[in-house]
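Worksheet: the structure to be examined is printed underneath.
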Amino acid sequence: MRKTLILTAAAACLATAFSAQANLVMDPNFASSGLSDWTVNIGTLTSVTSPVYGTSGTAGKLGVSTASFDTADISQVVLPTGSSEMLSFYAYVTAGGVLSVTLDDTLVIDNGVNATGNWEYFSFLVASPTDTTSDTLDIDWNSAGKGSLYLDDVSVSAVPEASTVFAGALLLLPLGASTLRVLRKNRTA
């Protein structure tokens, strides 16, 4: 039982080490005053307290500024990771529309999204960026002036390379060997 507990703890440490990647998006919950980390290209962006998905208590609302502009578009420059990146976010729409998202000029989604009354999770693996100085995350919403898009928990993070995961596992080998040594010592005592 004790051996199982120690092995479980080691596995949990390994999983935690590789799942905790830094989010490169500034103000991912649209909570900062003035929303200065986001650039509004077209339409409007406001911080709202309802509806929200996460525990931050705020979300971003993209809306059209006039009926003639059927589009709202926001962007943010993020630092490139030099490896493949995971882009994810939660979206809630009040009326159907077309959601287009690009990261470093790579189109990751350009689809119609229907109003479901629920938050929807979107997640995309984006190949290694070509630009080594900066990546631009661009989120475009077109609803023909009929609805708004709410965003929450926007995240861009590096995906560990296989060699990094392997190296991390090798770093845990001394811990495992030490644990087995202690278990053997306690068994014979």
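Looking only at residues in the stretch 39-91 that are acidic (Asp, Glu) and part of a strand (DSSP E or B), the one that is surrounded by the most Cβ atoms within 10 Å (Cβ to Cβ) is Glu85.
With respect to being within 21 Å of Tyr53 (Cα to Cα) and either buried (at least 17 other Cβ atoms within 10 Å of the Cβ) or touching an Asp or Glu at 6+ places or on another chain (Cβ under 6 Å) (or both), Asp153 fits the description. In the stretch 110-145, the residue that is farthest from the chain's Cα centre (by Cα) out of those that are at pLDDT 90 or above and not in a strand (DSSP E or B) is Asn118.
The values are calculated or read from the model by the stated rules, or taken from the named source; none is laboratory data. Source: prediction; values computed, not measured. As a convention, Cβ positions derive from the backbone with ideal geometry for all residues, glycine included, and neighbour counts pool all protein chains shown.
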